[in-house]
Amino acid sequence: MSSDTTLHSTPLSAATIARFDRELAKYPDDQKQSAVMACLAIVQQEQGFVSADSERAIAAHLDIAPMAVHEVSTFYNMYNLQPVGKYKINVCTNLPCQLRHGQGALEYVCKKLGVEVGGTTADGMFTVQPGECMGACADAPVLLVNDRNMCSYMSHEKIDQLIDGLRAVKE
Amino acid sequence: MTMNLEQVLSQFHTTAAETCFHGRHIGPQILADLNGKNWSVNEYEARGGYQALRKILGKDGGEGLTQDQVIAIVKESGLRGRGGAGFPTGLKWSFMPRQFPGQKYLVCNSDEGEPGTCKDREILQHNPHIVIEGMAIAAYAMGISVGYNYIHGEIFESYERFEAALEEARAAGFLGDNIMGSNFSFQLHAAHGFGAYICGEETALLESLEGKKGQPRFKPPFPASYGLYGKPTTINNTETFAAVPWIIRNGGQAYLECGKPNNGGTKIFSISGDVERPGNYEIPMGTPFTKLLELAGGVRAGRQLKAVIPGGSSAPVLPASIMMDITMDYDSIAKAGSMLGSGAVIVMDDSRCMVKSLQRLSYFYMHESCGQCTPCREGTGWLWRMVDRLERGEGRPSDMDLLDNVAENIMGRTICALGDAAAMPVRGMLKHFRAEFEHHITHKTCMVPAYV
């Protein structure tokens, strides 16, 4: 990020604005702030993380203070406030998953990728994080890829298959 | 063969064959006749869907039902809130000031994050229209014209499924203006969370819906008088709404008779942990725990039952000896000293260390405390640090009393129930498995072999 861009909000694409407006339409005209959760998630999906510029752009679109957006992005665990790997992997380690090898799954993902918990691979492909309850306890071990994709019954073999598959994804 | 991203990921999506379509429910109402593919509006109607909405609006050839009649039926059914508190649904609906002249709101709490609970995800994924119909009936009964379903951010596929179902329901005329030609109008939308357990607390959820940090509000005022955007609001759990269409079609008395007195109907129990077949099982309220355990394939092969957390991670643990004698309903579990909660049954076998188990739960509550109230913000940290040092063999003899003291001093001293939720598992563990904690202090190690 160059210093001059921090002074200006990133212009949002027309497609992004259209997605924002679809969310805004759900709420009363005088309650635009309600769409902030969805707008942040949309930006994260498109850009990989939520930058300060993006927060300002969302604030401008919703007519709220940038700090009101920042309060939300910092409160909820799934928003990335820093760039992460191309694929962010969150492995649930809460008790019900732990009883079915959730912790082992997290350790195996880290070992396979050669990163510490919370770390990103040197090639920028993967970030590995522990997760709290994802509401899929009977599918344990479970992990999320880039927030929106739940992967169930993640044995070591399946983790191998997932990581190898993601590395080989055809663009 | 090279696959694109979607193809790679789709290999790991559950089909729910093991957790939902196992044919091992007993008299299911919500999960009946589902196969993972028949979620759409036409198939829902083929199962009798939207008949209850037709009935109350008088669009089935009958006279229709008044708001009071609908609420009376729900009261008669004995339906109690399926999210955790077990509050009588009909009574909650009667609190809504129906004559209030301004906007009123209906909210569905699908922020399912209580560890062990994974039922609402399957309802939303495989039978979304039953929630829509239940919400439409509730909205009619309380004179509400706008609703939101707030869905756990981690289950984005279910959020997208629910949005698709909303589109179908609007196109079919079950949502929107003048539903089925009546003078009842109801607009329903979906919203999502993004990783905050606390938003399952109803007032934190409202704050989040308003686009704010999910910090719970002081009650009173309760949402019925001051809810979303300060307007009268009724909030129910996903499974609660999903129970309503059956009740309207079959009557309150029939629903009550499915369960036992004061504990009407069926309940979806999510069984996780040390069983052969973890999954969701919809069974009548009051079914013996032994039957539920049998449906779930019993305890892992070669192991004995040690303990069960019967209602989600916030519920006090119960030892096997007590569990084997109780029935799965609000009153029976409460009498045994725990709670039915969300119906999340976490099973632990005899290889499990209770200190290690509590260590993980205590970390969770510390991590998820919103930080608003000092006893919870600081106390959950104290609880975790003490349980953590006990687990690591660095506990002190005085820790036993201190742990109980900290837990006691959190309880009842916070705005919302997260403080109690953090303290209750600690006290439950100390009550039933004190010897294991003492063993950790004396011997610096677990009573059971290394945790697997």
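Could you tell me which of the residues B:114, B:76, B:63, B:154 is of a type in the set (Asp, Glu) and in a helix (DSSP H, G or I)?
Details: B:114 fails: in a helix (DSSP H, G or I); B:63 fails: in a helix (DSSP H, G or I); B:154 fails: in a helix (DSSP H, G or I).
Within the list B:114, B:76, B:63, B:154, the selection yields B:76.
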### Task
Would you point out which residue out of B:240, B:234 is under 14 Å from residue B:108 (Cα atoms) and not in a helix (DSSP H, G or I)?
B:234
### Task
Give the residues of the stretch A:133-154 that are outside any helix (DSSP H, G or I), over 13 Å from the mean Cα position of the chain (by Cα) and free of Cβ contacts under 8 Å to residues at least 40 places away in the same chain, sorted by residue number.
A:135, A:151, A:152, A:153
### Query
Just to be sure, is residue B:112 at negative phi, within 14 Å of chain A (Cβ to nearest Cβ) and out of contact with any strand residue (DSSP E or B) (no Cβ under 6 Å at 6 or more places or on another chain)?
yes
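So in the stretch A:67-85, with the set limited to residues that are without any contact (Cβ under 8 Å) to a residue 40 or more places away in the chain and either assigned to a loop (DSSP other than H, G, I, E, B) or over 19 Å from residue B:215 (Cα atoms) (or both), which one is farthest from the other protein chains (Cβ to nearest Cβ)? Before you say what the answer is, go through the steps one by one.
We begin by selecting, within the stretch A:67-85, every residue without any contact (Cβ under 8 Å) to a residue 40 or more places away in the chain; these are A:67-76, A:79-83.
If we keep only those that are either assigned to a loop (DSSP other than H, G, I, E, B) or over 19 Å from residue B:215 (Cα atoms) (or both) too, we end up with A:76, A:79-83.
Values: A:76: 4, A:79: 6, A:80: 11, A:81: 12, A:82: 16, A:83: 18 Å.
Taking the candidates together, the pick is A:83.
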### Task
Working only within the stretch B:1-17, note down all residues that are surrounded by 17 or more Cβ atoms within 10 Å (Cβ to Cβ) and touching a residue at least 60 places away in the same chain (Cβ under 8 Å).
B:16
#### Entry: Matching residues, the stretch A:133-150, being within 7 Å of chain B (Cβ to nearest Cβ) and surrounded by fewer than 24 Cβ atoms within 10 Å (Cβ to Cβ)
A:145, A:147, A:148, A:149
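Over 30 Å from residue A:156 (Cα atoms) and surrounded by 15 or more Cβ atoms within 10 Å (Cβ to Cβ): does that describe residue A:27? Steps first, answer last, please.
Details: over 30 Å from residue A:156 (Cα atoms): yes; surrounded by 15 or more Cβ atoms within 10 Å (Cβ to Cβ): yes.
Yes, satisfied.
Quick one: in the stretch B:50-60, of everything that is touching a residue at least 60 places away in the same chain (Cβ under 8 Å), in a loop (DSSP other than H, G, I, E, B) and surrounded by fewer than 22 Cβ atoms within 10 Å (Cβ to Cβ), which residue is nearest to the chain's Cα centre (by Cα)? Outline the logic, then answer.
Taking the stretch B:50-60 as the starting set, the residues that turn out to be touching a residue at least 60 places away in the same chain (Cβ under 8 Å) are B:50-59.
Narrowing the set further to residues that are in a loop (DSSP other than H, G, I, E, B) leaves B:50, B:57-59.
Among the residues that remain, those that are also surrounded by fewer than 22 Cβ atoms within 10 Å (Cβ to Cβ) are: B:57-59.
Values: B:57: 29, B:58: 32, B:59: 32 Å.
Step by step, filter the stretch B:50-60, then rank; the result is B:57.
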### Query
What residue, among those in the stretch B:317-368 that are farther than 24 Å from residue B:384 by Cβ and polar (S, T, N, Q), is surrounded by the fewest Cβ atoms within 10 Å (Cβ to Cβ)?
B:321
### Message
Condition check: within 24 Å of residue A:88 (Cβ to Cβ) and either surrounded by fewer than 19 Cβ atoms within 10 Å (Cβ to Cβ) or within 12 Å of another protein chain (Cβ to nearest Cβ) (or both). Does residue B:167 satisfy that?
### Response
no
### Task
Might you check whether a residue that is buried (at least 20 other Cβ atoms within 10 Å of the Cβ) and within 14 Å of chain B (Cβ to nearest Cβ) occurs anywhere in the stretch A:45-57?
yes
### Task
Specify the residue that is farthest from the other protein chains (Cβ to nearest Cβ); the eligible residues are those in the stretch B:193-204 that are surrounded by 24 or more Cβ atoms within 10 Å (Cβ to Cβ) and closer than 13 Å to residue A:72 by Cα.
B:204
### Options B:396, B:413, B:352, B:360; residue that is among the basic types (Lys, Arg) and assigned to a helix (DSSP H, G or I)
B:360
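Any idea which residue in the stretch A:108-132 is farthest from the other protein chains (Cβ to nearest Cβ), counting only those that are hydrophobic (A, V, I, L, M, F, W, C) and within 15 Å of the chain's Cα centre (by Cα)? Walk me through how you get there before you give the answer.
Just the residues of the stretch A:108-132 that are hydrophobic (A, V, I, L, M, F, W, C), to begin with: A:109-110, A:113, A:115, A:117, A:122, A:125-126, A:128.
With within 15 Å of the chain's Cα centre (by Cα) added as a condition, the list becomes A:125-126, A:128.
Details: A:125: 13, A:126: 13, A:128: 16 Å.
Result: A:128.
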### Task
Considering only the stretch B:416-452, state which residues are of a type outside the set (Gly, Ala, Ser), in a helix (DSSP H, G or I) and closer than 16 Å to residue B:197 by Cβ.
B:418, B:420, B:424, B:425
### Query
Among B:261, B:216, which is surrounded by fewer than 24 Cβ atoms within 10 Å (Cβ to Cβ) and touching a Cys at 6+ places or on another chain (Cβ under 7 Å)?
B:216
#### Entry: Number of the exception - residue B:100 against (1) surrounded by 24 or more Cβ atoms within 10 Å (Cβ to Cβ); (2) more than 17 Å from residue B:202 (Cβ to Cβ); (3) not aliphatic (A, V, I, L, M)
(1)
### Task
Could you check how many residues of the stretch A:151-165 are surrounded by 19 or more Cβ atoms within 10 Å (Cβ to Cβ) and facing chain B (nearest Cβ under 9 Å)?
4
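From the residues in the stretch B:103-119 that are of a type outside the set (Ser, Thr, Tyr) and more than 30 Å from residue B:308 (Cα to Cα), which one is surrounded by the most Cβ atoms within 10 Å (Cβ to Cβ)?
Filtering first and then ranking leaves B:106.
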## Note on the structure
Residues in the stretch B:1-14 that are under 16 Å from residue A:140 (Cα atoms) and at pLDDT below 95 total 0
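Going through the stretch B:174-192 one residue at a time, which ones are of a type in the set (Gly, Ala, Ser), touching a residue at least 24 places away in the same chain (Cβ under 8 Å) and within 14 Å of another protein chain (Cβ to nearest Cβ)? Can you show your working first?
So in the stretch B:174-192, the residues of a type in the set (Gly, Ala, Ser) come out as B:176, B:181-182, B:185, B:190-191.
In the following step, the residues that additionally are touching a residue at least 24 places away in the same chain (Cβ under 8 Å) were identified as B:181-182, B:185, B:190-191.
Matches in the stretch B:174-192: B:190, B:191.
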## Note on the structure
All conditions in (1) crowded, with 23+ Cβ neighbours inside 10 Å; (2) more than 24 Å from the chain's Cα centre (by Cα); (3) polar (S, T, N, Q) are true of residue B:67 except (1)
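Does residue B:219 meet the test of being in contact (Cβ under 8 Å) with a residue 12 or more places away in the chain, over 26 Å from residue A:94 (Cβ atoms) and among the basic types (Lys, Arg)? Talk me through it step by step, then tell me what you get.
Values: in contact (Cβ under 8 Å) with a residue 12 or more places away in the chain: yes; over 26 Å from residue A:94 (Cβ atoms): yes; among the basic types (Lys, Arg): yes.
Yes.
The values are calculated or read from the model by the stated rules, or taken from the named source; none is laboratory data. Nothing here was measured: the structure is a model prediction, and the numbers come from that model. Cβ: placed from backbone, ideal geometry, glycine included. Neighbour counts: every protein chain shown.
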